[in-house]
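Below: the structure, in structure tokens.
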There are 2 protein chains.
Amino acid sequence: MPNYKIDFKPVIEKINKKNIKIIALQIPEGLKHYSYTIVEHLKKNINSEIIVVADPCFGACDIADNELGKIGAELIIHLGHTPILNSKKYAIPVEFVNAFSSIDIKKVINNSLKYLKGKKIKIVTTAQHIHKLDEVKKILENHNFNAIISKGNERIAFEGQVLGCNFSVSLSNNEDYDCILFLGSGTFHPLGLILNSKKPVVVADPYTNTVKKDEIEDLKDQILRQRYGAIANSKNSKIFGILVGLKTGQQRIKLVNEIKKLLIDHQKKYLIISMNYFLPTSLEGFRDIDCFVSTACPRIAIDDYLKYKKPIITPIELEILLDKRVWEDYEFDQIL
Amino acid sequence: MPNYKIDFKPVIEKINKKNIKIIALQIPEGLKHYSYTIVEHLKKNINSEIIVVADPCFGACDIADNELGKIGAELIIHLGHTPILNSKKYAIPVEFVNAFSSIDIKKVINNSLKYLKGKKIKIVTTAQHIHKLDEVKKILENHNFNAIISKGNERIAFEGQVLGCNFSVSLSNNEDYDCILFLGSGTFHPLGLILNSKKPVVVADPYTNTVKKDEIEDLKDQILRQRYGAIANSKNSKIFGILVGLKTGQQRIKLVNEIKKLLIDHQKKYLIISMNYFLPTSLEGFRDIDCFVSTACPRIAIDDYLKYKKPIITPIELEILLDKRVWEDYEFDQIL
């Protein structure tokens, strides 16, 4: 597979030691077109039958352990995401195999240097570039920056790693620093980092060889305006739908109960609604609901806001709506 | 609720006898806009918290027992579908509550009489009109028809009932008859009935007060042409994706293994792919697959054929493709 290094050897050894008949393979969207190649490779080395999971898989929260166990899978190979360390036990064993991007990062990191603010730089990335952080650190140090790589909270597997639902790396160890350098693509992680840390964030995207800083500031302002609007528009909502995710790593039942209590205390009505796969059409039938509060993946309210016909807000945004928190203390929702 | 009669009393009594803290409620799409009303009604009579399931629910095959059990639900109320009698045990108890349509059927049945062929008429319907079959029978008998109501195989709950995946009512008891009168809306059930029984099917739709007969014949021809095309277009396929459903009532593992063997015997390659929620986009990543064979809900290949970029065929259609069955013996796939 071009651009990725995947080491299946340890998991192949484990499988061959046990006599496993059926394995399930969860592959993230970006790698799904290699499914057949990956299965061919595995079958050359193991005797198990392999079932590839087609349902989209957005992270390590998204393990279909129960369903796959029910159709006979004895083990899940979960590709491309790192384990969430304090998560509960799975119905069947799960082996996480990282997919390391082999794309070169030197050029884009060198290009990013002139955008960095101050001298103490926190370096952050996602699972697929985690093995490149030492190289980034060296480049920064060669240019007289003080590069910091530190670990987020107990859910996070690697030093320097950020998840789409967990930006704790930006506040870890109470370290003081001037700026974050994010190695990776997309805007959601940088957005979470800038909102959580209140520091400048420089994005170095090795796929497009582009560096962004002002764009992230602008996007932050745009998203904050949108979130402010979503909260303001829902001020007079009478009936709230509290959304609870059914995916293994997204079931925040305690939070559902807190929200329910909060709504009752504020003379609001509620309906608790569970969802496995979040689709705008699945909520369209709930015509009595004025506003949805999502306790599932924190990204849904932010990323997919415009796809839903009625406002979806996060639990933190509900606190602002009910005057339990001031707008100035706005934060991205996280699973911590 | 207008147009529907739902008797929650027996299930309310059961719930009040046990001390159930959390109930999950699965509601079919057509009734979802009554969710809040239904929950309000239930909460007046029971002390349990209620979680409504937002994920689309297409039948009694579609019980989210495992996932709902994991978020604390102790019982599922499954509305609008009848139990599938020989299905496996659920992870938590499931109470099926039927939603009986209160729409009048006299007019449309009277209108349908002139379309009926012969004198021995088999009357068939779906769960929501099942309580009207005696009335239909009487109207037919008053007009000197011999009206037959009989029960399908052991999966079927009621006499005269047809499911979207089970047309066994049309062949039950080896009865001889001249024509089927289907009370209900939509075209899928009539299509399955006409293909399975090889008898004329008259559709009496009480919602639109329309009767159809020739249209069903035409649709049958059109669908058969489409299916013939799907099979012909996939003749040279080298790699087949065998789709296995993860929904409780759609896991046909034995069939998956039979298909796998059949493909191997014919020097074809295969990839087993599991899916919970069937979405065309979830299959788009599988670029190496030439043709998908679905063992999940039999309706997917037929109803949603045009939504998928690559052909999806049924297990029976694969037999035709591999010359194990002749086209003249074409049948709709069923879960029997």
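At-a-glance table
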item	result
Shortest-first nm distances, A:Lys114 label point to equivalent points in other copies (7 Å, Cα→Cβ)	8.5
Rough spin-label spacing in nm, given labels placed 7 Å along Cα→Cβ, for B:Lys17 and A:His131	6.1
Ascending list, in nanometres, of distances separating the B:Asp221 label from those of the other copies (7 Å, Cα toward Cβ)	6.5
Positive-end residue, the protein assembly as shown charge dipole about Cα centroid, Cβ charges, pick of A:Pro93, B:Ile316, B:Ile231	A:Pro93
Cβ-placed point charges (K, R +1; D, E -1), dipole of segment B:168-290 about Cα centre in debye, nearest 20	700
Size of charge dipole - the protein assembly as shown - debye, nearest 20, with Cβ of Lys, Arg +1 and Asp, Glu -1, no other charges	500
Reduction of at least 10 Å² in accessible surface, 1.4 Å probe, comparing all protein chains with the chain by itself, residues of segment B:214-263	B:Ile239, B:Val244, B:Leu246, B:Thr248, B:Gln251, B:Ile253, B:Lys260
Other-chain or far-sequence residues with amide H under 5 Å of B:Phe96's (modelled H)	B:His78
Buried solvent-accessible surface, both chains (A, B), 1.4 Å probe, Å² to nearest 100	4200
Probe 1.4 Å, protein heavy atoms only - accessible area per residue of chain B in square angstrom	43
Sulfur and carbon atoms: percent of accessible area, chain A [1.4 Å]	50
At least 50 Å² of accessible area lost relative to the chain alone, listed for segment A:266-282 with a 1.4 Å probe	A:Leu271, A:Ile272, A:Ser274, A:Tyr277, A:Ser282
Order of exposure, largest accessible area first, which applies to B:Cys179, A:Cys61 with probe 1.4 Å	A:Cys61, B:Cys179
Cα lying deepest toward the dipole's positive end in the protein assembly as shown, options B:Thr210, B:Asn111, A:Ile77, charges on Cβ	A:Ile77
Those residues of segment A:1-47 for which accessible area with every protein chain present is at least 30 Å² below the isolated value (1.4 Å probe)	A:Lys32, A:His33, A:Tyr36
Accessible area (Å², 1.4 Å probe, nearest 10) - A:Lys212	80
Segment A:134-145 - phi-based ³J(HN,Hα) in whole Hz, Karplus 6.51/-1.76/1.60, Gly and Pro as x	5, 5, 4, 4, 4, 4, 5, 5, 4, 10, 6, 8
Contour minus Cα-Cα distance for B:Glu284 and B:Lys235 (0.36 nm per residue)	15.6 nm
Cα-projected label distance for A:Lys117 with B:Glu258, points at 7 Å along beta-carbon direction, nm	6.6
Sequence of A:Leu79, A:Leu85 from largest to smallest accessible area, 1.4 Å probe	A:Leu85, A:Leu79
Student exercise, chain B dipole from Lys, Arg, Asp, Glu Cβ charges, in Debye to nearest 20	260
Nearest-first distances (nm) between copies at B:Lys21, label 7 Å from Cα via Cβ	3.7
Simple spin-label estimate for B:Lys151 and A:Asn47 in nanometres, 7 Å along Cα-Cβ	4.6
Contour excess over end-to-end distance, with Cα ends at A:Asn86 and A:Thr208 and 0.36 nm allotted per residue	40.5 nm
Share antiparallel - DSSP beta bridges, segment B:1-132, percent rounded to 5	20
Inter-part distance where segment A:101-116 and segment A:15-74 are each reduced to a Cα centre, Å	34
Net charge over other residues, Cβ less than 10 angstrom from the Cβ of A:Ile149 (K, R count +1; D, E count -1)	+1
Residues in segment A:202-221 that a label on A:Lys5 would reach, taking backbone N under 18 Å of a point 7 Å out along Cα→Cβ	A:206-207
Signed unit charges on C-beta, dipole axis of segment B:188-336, positive-most listed residue B:Tyr330, B:Thr248, B:Gly192	B:Thr248
Amide H contacts of A:Thr210 (H built 1.01 Å from N, under 5 Å, at least 5 apart or other chain)	A:Asp205
Helix-only mean residue ellipticity at 222 nm for chain B, each DSSP H run of n ≥ 4 adding -39500 (n - 2.57), per residue, nearest 500	-9000 deg cm²/dmol
Under-5 Å amide H pairs with A:Ala147, H placed in peptide plane, nonlocal only	A:Ile121
Chain A: translational diffusion in µm²/s, Stokes-Einstein, Kirkwood Rh over Cα pairs, 10 °C, 1.306 mPa s	74
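The values are calculated or read from the model by the stated rules, or taken from the named source; none is laboratory data. The structure presented is a predicted model; accordingly, all values stated were derived computationally and were not measured. Because the Cβ atoms are built from the backbone with ideal geometry, glycine has one as well, and the counts that use them run over all protein chains shown. Just so you know, the surface numbers come from the protein's heavy atoms only, side chains and all, with ligands and any DNA or RNA stripped out. Shrake-Rupley method; radii C 1.70, N 1.55, O 1.52, S 1.80 Å.
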